[in-house]
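Report on one structure; see the data block that follows.
The values are calculated or read from the model by the stated rules, or taken from the named source; none is laboratory data. Fair warning: this is a prediction, and the values are worked out from it, not measured in the lab. Every residue, glycine among them, receives a Cβ derived from its backbone with ideal geometry; neighbour counts consider all protein chains shown. Please note that ligands, DNA and RNA were not included when accessible areas were found on the heavy atoms of the full protein model with its side chains. Shrake-Rupley method; radii C 1.70, N 1.55, O 1.52, S 1.80 Å.
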Amino acid sequence: MNKVYESTRDKHERIKPAKAILQGLSNDGGLFVLSDLTSRTLDISSLADKDYYEIAQDVLTLFLDDFTREEIKDCVYNAYKGKFSTDEITPLVKLSDAFVLELFNGPTSAFKDVGLSMLPQLTSTALKKTNADYDVLILTATSGDTGKAALEGFKDVDKTKIMVFYPNDGVSKVQETQMKTQQGKNVKVCAIEGNFDDAQSGIKKLFVDDAFKAELAKEDIRLSSANSINIGRLIPQMVYYFYAYAQLVKTGEIKLGDKINYIVPTGNFGNILAGYYAKQIGLPVNKLVCASNDNNVLYDFIQSGEYNRKRNFLKTISPSMDILISSNLERLLYYASGCDNAYIKEIMDELNTKGSYKVKEDVLKSIQKDFTCGYATNEQTAETIKTVYEKDDYLLDPHTAVAYKVLLDDVDKEHKNVVLSTASPYKFTDSVYHSLHSEDASDEFELMKKLNEETGVVIPKNLQDLDKLPVLHEDVIEKDEMKEYVLKNVKEM
Ligand SMILES: *Cc1c(COP(=O)(O)O)cnc(C)c1O
């Protein structure tokens, strides 16, 4: 039996896994989901004996059953083997109040690497399986982390090309340098005179521009997206929820079957949704705790059932969570409403036209059974970095600190708590350094060295000599020049 994905907004829009990965988003704007998610379970009885690679194969097999076992095994090893700084891939560290699950040991030091190391493998396998006679062009807008992780994942992958657009002056110094020094024959990086929303909406326009797509088709190229709505990113993210659980069983911290909590720093709702999926297929989860920064639209939603994006967009020290439209929430709403496609279409239309919606009482009840929530202000985030460093000698990045603060607000002592850590502190050196010291800013790369001397925390290899790498990408364009830019450059890639 092949598992068939359907659109959250229309059960007649159906597609097999390989095609869903290549296409990314359903034609009607919905996200691809399985209506029978809970009908398959992952056997957890032997979890503690398995390594990350084995658990990954088990999870992927459940969700991609038009892929062979052999194909999945190759994808898993090609994605992770030798690419992460530890063979554990996502190590679990014990602190005094919780366990920290480090998701940032990949090639770009952010949790995005877990999904974006796998997506290119799945994409090229899907191209082969479907006998595709075209190349795929990945267009990505980034506020910093996704862009670099996607570039690193797709560089020199056969039959793919990738272009990344980022807001000029809208990303951290480290993030900008990471992208400008990107190597690879099939990559292109360009800054936009505008903010992240301008880059994002510019790309969305291109995806529905038929003349533009026809031009690309002449070169045998089709568009695809590396955004977190792609099932090729979501599915690999389930693996570390199981892996963390396996480590707790193995070390005797819990007995097989005990429920635990996961506290997740949340933006687009991709990371935490993977935890919800893991629970649906058999992981013993007590609560998933959704942690927001000052852009706390999800906090309000989980409290009240009303989603309202009509509010000011705030810039925080956890910029990868600065987001007001959490795309992946649509998948949770789909399941919480009993797979009611028509209802999802209705409220998503409402969000588009009115900027808000309120869910039915039973939908909210269902969500509150699985999720709790909290948030942290900038000041509380900085304080938490300092407190945890002083108490546990462990350096949190600002995103992880948001989650840690939400944990400390109300520690559940009856269950073990796992905080998901989404970035290396060095990716946000400036904010981390100034959480420990109140002196004026200096050069980001100088601060990196100072922070390392002071704390002894090792600087990830990919960030160490970043400022000495040759700059390969210096293009800057106006926000209405993206279409011409793509068409002009794609031929030379
Ligand atoms: C993307 C990101 C997040 C948010 O993850 P979502 O899946 O969008 O909820 C949190 N922290 C960091 C460092 C990120 O890069």
Next item on the list: Pull up the stretch 271-292, narrow it to residues that are in a helix (DSSP H, G or I) and either closer than 25 Å to ASN378 by Cα or in contact with a Lys or Arg (Cβ under 7 Å, 6 or more places away or on another chain) (or both), then point me to the one that is nearest to the ligand (Cβ to nearest atom).
Entry: ASN271
Item checked: Evaluation of TYR343 against (1) part of a helix (DSSP H, G or I); (2) touching a residue at least 40 places away in the same chain (Cβ under 8 Å); (3) open to solvent by less than 70 Å² (accessible area, probe 1.4 Å); (4) over 29 Å from SER143 (Cα atoms) (one fails), failing number -> (2)
Check: Just one of the numbered conditions (1) closer than 21 Å to GLU6 by Cα; (2) open to solvent by 10 Å² or more (accessible area, probe 1.4 Å); (3) among the hydroxyl-bearing types (Ser, Thr, Tyr) is not true of TYR334; which one?
Finding: (2)
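Look at the stretch 265-287 and say how many of its residues are within 16 Å of the chain's Cα centre (by Cα) and not small (Gly, Ala, Ser). Give the derivation first.
The first filter runs over the stretch 265-287 and keeps only residues within 16 Å of the chain's Cα centre (by Cα), leaving 265-278.
Now restrict to residues that are not small (Gly, Ala, Ser): 265-266, 268-269, 271-273, 276-277.
Adding up the residues that qualify gives 9.
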Margin query: Please determine whether any residue of the stretch 397-411 is more than 16 Å from the ligand (Cβ to nearest atom) and open to solvent by less than 20 Å² (accessible area, probe 1.4 Å).
Written below: no
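Of the residues in the stretch 375-395, how many are within 18 Å of ASN261 (Cβ to Cβ), open to solvent by less than 40 Å² (accessible area, probe 1.4 Å) and touching a Phe, Trp or Tyr at 6+ places or on another chain (Cβ under 7 Å)?
Going through the stretch 375-395, the residues within 18 Å of ASN261 (Cβ to Cβ) turn out to be 375-376, 384, 388.
Narrowing further to those that are open to solvent by less than 40 Å² (accessible area, probe 1.4 Å): 376, 384, 388.
Filter again for touching a Phe, Trp or Tyr at 6+ places or on another chain (Cβ under 7 Å), leaving 384, 388.
Qualifying residue count, the stretch 375-395: 2.
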Notebook entry, point to check: Can you pull out the residues in the stretch 363-374 that are open to solvent by 10 Å² or more (accessible area, probe 1.4 Å), touching a Leu at 6+ places or on another chain (Cβ under 7 Å) and assigned to a helix (DSSP H, G or I)?
Noted result: ASP370
Next item on the list: Could you check, for the stretch 105-126, whether at least one of its residues is surrounded by fewer than 23 Cβ atoms within 10 Å (Cβ to Cβ), touching a strand residue (DSSP E or B) at 6+ places or on another chain (Cβ under 7 Å) and in a helix (DSSP H, G or I)?
Entry: yes
Next item on the list: Would you mind listing the helices (runs of 4 or more DSSP H) fully within the stretch 1-85 where at least 3 residues are over 17 Å from GLN237 (Cα atoms)?
Entry: 17-23, 69-80
Note to self: Looking at LEU329, LEU324, LEU314 in this structure, which one is of a type outside the set (Val, Ile, Thr), within 16 Å of the ligand (Cβ to nearest atom) and modelled with pLDDT of 95 or more?
What the structure shows: LEU329
Note to self: Between a residue in the stretch 427-444 that is closer than 11 Å to VAL174 by Cβ and any residue that is part of a helix (DSSP H, G or I) and basic (Lys, Arg), which pairs come within a Cβ distance under 7 Å, given they are 6 or more apart or on different chains?
What the structure shows: GLU444/LYS173
Notebook entry, point to check: Taking the stretch 158-185 as the search range and keeping residues that are more than 18 Å from VAL476 (Cα to Cα) and charged (D, E, K, R), which one is surrounded by the most Cβ atoms within 10 Å (Cβ to Cβ)?
Noted result: LYS161
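So which residues in the stretch 134-157 are aliphatic (A, V, I, L, M) and either surrounded by 24 or more Cβ atoms within 10 Å (Cβ to Cβ) or assigned to a strand (DSSP E or B) (or both), if there are any at all?
Taking the stretch 134-157 first, the residues aliphatic (A, V, I, L, M) are 136-139, 141, 149-151, 157.
Of everything in the stretch 134-157, those that are aliphatic (A, V, I, L, M) and either surrounded by 24 or more Cβ atoms within 10 Å (Cβ to Cβ) or assigned to a strand (DSSP E or B) (or both) turn out to be VAL136, LEU137, ILE138, LEU139, ALA141, ALA149, ALA150, LEU151.
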Checklist line | Close pairs (6 angstrom Cβ cut-off, 6 or more residues apart or separate chains): farther than 20 Å from GLN280 by Cβ in the stretch 35-55, open to solvent by 70 Å² or more (accessible area, probe 1.4 Å) anywhere | finding: ALA48/LYS250
Note to self: So the check is Cβ under 6 Å with 6+ separation or different chains; which pairs have a first residue in the stretch 257-273 that's of a type in the set (S, T, N, Q) and a second one that's outside any loop (DSSP other than H, G, I, E, B) and away from the ligand (no atom under 16 Å from the Cβ)?
What the structure shows: ASN261/ASN286; ASN261/LYS287; ASN261/ASN417
Notebook entry, point to check: Before we move on, is LEU256 more than 15 Å from the chain's Cα centre (by Cα), over 25 Å from SER124 (Cα atoms) and open to solvent by 10 Å² or more (accessible area, probe 1.4 Å)?
Noted result: yes
Margin query: Restricting to the stretch 295-324, count the residues that are open to solvent by less than 60 Å² (accessible area, probe 1.4 Å) and assigned to a loop (DSSP other than H, G, I, E, B).
Written below: 9
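Only one residue in VAL419, VAL458, VAL432 is among the aliphatic types (A, V, I, L, M), open to solvent by 10 Å² or more (accessible area, probe 1.4 Å) and under 26 Å from the mean Cα position of the chain (by Cα). Which one? Let's see the steps before the verdict.
Numbers: VAL419 fails: open to solvent by 10 Å² or more (accessible area, probe 1.4 Å); VAL432 fails: open to solvent by 10 Å² or more (accessible area, probe 1.4 Å).
Matching residue, one of VAL419, VAL458, VAL432: VAL458.
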Next item on the list: Just name the residue that is farthest from LEU22 (Cα to Cα) out of those in the stretch 62-90 that are without any contact (Cβ under 8 Å) to a residue 40 or more places away in the chain and surrounded by 17 or more Cβ atoms within 10 Å (Cβ to Cβ).
Entry: PHE84
Next item on the list: From VAL249, VAL239, grab the single residue that is within 16 Å of the ligand (Cβ to nearest atom), closer than 28 Å to ASP409 by Cα, β-branched (Val, Ile, Thr) and modelled with pLDDT of 95 or more.
Entry: VAL239
